[in-house]
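The values are calculated or read from the model by the stated rules, or taken from the named source; none is laboratory data. Since the structure is predicted, the reported quantities are computational estimates derived from the model, not experimental observations. As a convention, Cβ positions derive from the backbone with ideal geometry for all residues, glycine included, and neighbour counts pool all protein chains shown. These accessible areas exclude ligands, DNA and RNA; they are computed on the full protein's heavy atoms, side chains included. Shrake-Rupley method; radii C 1.70, N 1.55, O 1.52, S 1.80 Å.
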Amino acid sequence: MAAIRTDNLTKSFRVRQPEPADGALLRRLLRRAPAIDLLAVQDLSLQIEPSERVAFIGPNGAGKSTSLKMLTGILVPTSGHAEVAGFVPWRDRGKLARHIGIVFGQRSQLWWQLPVRASLDLLGQIYDVDRTVLRQRMARLIDGFEIGAFIDRPVAQLSLGQRLRCEIVGALIHAPSILLLDEPTIGLDVTSKALLRDHLDGLSRDSGTTVLLTSHDTGDIERICERVIVIDHGSLLMDLPIAQLKRDFLRRRTVTLVTAQETPELRIDGVAAVAVEPYRLTLSVDTTVVPIEKVVATALERLTIRDLSVENPPLEDVIKAIYRGETADPRASKGPAGATQL
Amino acid sequence: MQLSSNSSALRAFARIGWRRAAAEPLATAARGGLNVLALGIFWAFWRATPLAELRRPELTPERLIWYLAVTEWIVFSTGIPYREIEDDIRSGALATNLTRPIDYARACCAQWCGGIAFRLPIFALVGFVAALGLSGTVPIDPAMLLAGLASVLLALAILHLCHLMIGLATIWTGSAAPLHWIWQKGLFVLGGLIIPLSLYPAPFRRFAENSPFAAMLSAPASLALDPSPGHAIAVLRLQLIWLIVLAGMAWLTDRAAIARFLERGT
Amino acid sequence: MRYAWTLLRMSIGSAFARPIAALSAMLLMATNNFLFFITFVIYFRNFTSLKGWVREDLALLIGVCCWAFGLAVFLAGGFRDLATTIGSGGLDPYLGRPRHPLPALLFSQSIPSGLGDMGSALVFWTVLSHRGWADLPMLLLVGTLGAVVVAATATLLQCLAFWMPNSGLLSEELFQMFMMVAYYPEHPFGFAVRFVLLTVFPAGFVAMMPVEAVRDGDPRKLVACAMAALAYAGLAGWVFERGLRRYTSGSRIIELR
């Protein structure tokens, strides 16, 4: 049985377009704005097997959060079908709740003024976890996610990274078979992100938890997930393994050099100059032709470097590239192990 | 939908409510001060009022201040719990709560019970000491204390059911505050916060006495004016009827509100 | 002045961005005030007067309170969130601007229900207290002076947040106390209480003193109201400045006490 399965899941919202705020007050009072149907998710069909770690990505407004809400049962679809852990989410929300754990990066599920331990205790009671099992599980999770140092501090006093680790522990307190994470690393610094990714990666490998993650950070996707589902304008664009995404769409990196030389220059095969400014050179590197390390080493050799940065392409560019069909080796096979290109 | 009927979870929510109420000692003290101030103002008010014009011996400043002490005890022990639901809806925290295997309304009510358990004895002490200090008398029949307490608890239950419905109304209105203002003034006027309903003009009095607002304030407080067993039984009967009616209304409101939220996502 | 006017225009514009919601708030607040007055209507059906005051005098007092409170929240509604802004380090953006932060903080929010209060004040004055239109300029003046006292007192109470973390709820309770005292007639009180109400806890300057100024036609009481408004506004500004010096910006970490 699939952990998560959707068939032509669709959600549209009926909204009214408001009059501009600087429009005449009387017009705004007397005229009712026309209603339109906003299609947030359209015919979404996917299948995720138990223990899979899947990234669910797309630009802002693509329909990710709406899809996630339908899968957790807190939004009823307009049409279509879904099953999560064998339950229809919006019909069996209570039963489903015991099988899923949810982390919203931008919203806390812990009790703000209470110590973390009290929140976890309460969650254990809400999910009817046996007291002995709860104690053992909490000890294991506290150790695994390294939150012991601040377990007795109020949630309000924690940094964002600390809070997010506690949120994940809270979501795992009832040992769910499926973990849903909505932007879990948003706002975190580089070190905190790395720490959280390591924990999530380890969790899934050790306990076989199915992970569905939404994120704008390609680092999250690369580190935690093995498969990526791309959604845009409410529709499924692509469903393919990470290795293939990297190969086909993340092959280019941007390297920015700040130099002592006023007109810096660097000629290497596979490297193109994107922008040349006084004391600054921006390069686009095709990592399938030349590895990043070699570019950096060559730059250090030939130029006097004051500052250097290496960036992945923004996710929107990756999506645009997918839209334009810019793949090195498009495949026709379907299914979770292969690539589905629509 | 199978939800947790785990009483330990509800008890845990009640403990949370108690802790939250206890976490604001200065605000509680200020509210206690407000209670005493109100009693002081109305002590002066009733003493300046020519009560003799009424020719009703039970309506003395002493009994009227005890009447007010009971209504204020109920009002101050309640606070404004609808705002917690309003905040949950507006912040999106309701969605988080709905993903848990425990009924949201029941969890809220459990938390409120915890808050009441903290505030009730404190405001009883503050209000009754102030009323005793101002009036120099205690018009309460000790034999009726249990009935009085039961009546106050019923009043609090009815009040909180109203707050539950007002808070859930945020799903339709976006802000429950205006609804609360009107409901609160209705409570103060039809519930006889300051002036007992027996002083109201006849048709208006009958309407007020049969409204749920009377069950929340005037009915329990009237035991300070008429502590007879017959009157106590009538008061408790009225409150039980309204408790059942409003519980039904709250259940329907909860179902409709959650269904709308699940449909629209906001 | 131009800066203050710009701030007001923006906040009032925002308040009416959803005109139906704003109108509902106004109507409901006016209804709220009239329901409150019913208590006194009932009272005066049973009793002829309260130490010389009749129903019309109460209508006058409540009208002045409504105008004072309504004008304060409509123009300077930002005082309601001041403690939260201070406590959460939200003053930082204001301190980075080349203008004093207090006007921006106060005029940043306009609450439309204030217009409902002000509208009901006009009804209280002209219909329920049977005052003539000739009294209106004086009533508007004393009501406006009362609004200054309301906004200043609220600001003072909210400034507690500079010295006490998590004092938002306490400030709100104290403000409710202040307004409650203002809405009820204070003339039955003894000298000591009236003294407190005209100094430490200036509820007496919101309605009682202004109403006496109008009722008695005593110019000295009008001058007293004006001086009180200036004094409390100045005090609020001074306390805010002192608080700013103590202010430390930054994280949302709440201090353990």
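Quick notes
- Annotation: amide H of residue B:102 within the under-5 Å range of B:4, sequence separation 5 or more or interchain, hydrogens built in the peptide plane.
- Put simply, chains B and C cover up around 3200 Å² of each other's accessible surface, both sides summed, when a 1.4 Å probe is used.
- The C-alpha atoms of chain A define a longest principal axis, and helix A:131-144 lies at about 10 degrees to it.
- Cα-based Rg / Dmax (Å) for the protein assembly as shown: 32.1, 107
- For residue C:29, the solvent-accessible surface with a 1.4 Å probe is about 20 Å², rounded to the nearest 10.
- With all protein chains kept in place, the per residue accessible area of chain B amounts to 40 square angstrom at a probe of 1.4 angstrom.
- Shielded by partner chains, the range B:227-266 residues - at least 40 Å² of accessible area, 1.4 Å probe, vs chain alone: B:262, B:263
- Accessible surface buried upon A-C contact (total; probe 1.4 Å; Å², nearest 100): 800 Å²
- Most to least accessible of A:69, A:11, A:95 (protein chains only, probe 1.4 Å): A:95, A:69, A:11
- Here the 3J(HN,Hα) profile of the range A:226-235, calculated from phi with Karplus coefficients 6.51, -1.76 and 1.60 at θ = phi - 60°, is 10, 8, 10, 10, 9, 10, 8, 6, x, 10 Hz, Gly and Pro shown as x.
- Where the range C:1-130 is the region considered: accessible area per residue in Å², 1.4 Å probe: 42 Å²
- Residue-level accessible surface for residue C:106, protein heavy atoms, 1.4 Å, Å²: 30 Å²
- Filtered GluC sites (Glu not before Pro), the range B:19-118: DSSP coil and at most 13 other beta carbons within 10 Å: B:58
- Whole-Hz couplings from phi, Karplus 6.51/-1.76/1.60, listed for the range A:298-308; x for Gly and Pro: 5, 4, 5, 5, 8, 10, 9, 8, 8, 8, 8
- Taken over the range A:4-247, lysine pairs spaced eight or more positions apart, or on distinct chains, with alpha carbons under 30 Å apart number 10.
- Cα gyration tensor shape for the range A:151-201, rounded if a/c is under 1.5, else prolate or oblate: oblate
- Percent accessible area from carbon and sulfur atoms, the range A:4-247, protein chains only, probe 1.4 Å: 50 percent
- The accessible-area ordering, largest first, of the residues A:199, A:99 stands as A:99, A:199, per a 1.4 angstrom probe.
- Per-residue SASA entry for residue A:269, accessible area with 1.4 Å probe, Å² rounded to 10: 130 Å²
- Where only DSSP H runs of four or more residues are counted, the protein assembly as shown gives -18000 deg cm²/dmol as its mean residue ellipticity at 222 nm, each run worth -39500 (n - 2.57).
- Chain C - percent of accessible surface contributed by carbon and sulfur, probe 1.4 Å: 65 percent
- Buried on assembly, the range C:42-79 (at least 40 Å² less accessible surface than by itself, 1.4 Å probe): C:42, C:43, C:46, C:47, C:50
- Spread over its residues, the convex hull of the C-alpha atoms of chain A is 197 Å³ per residue.
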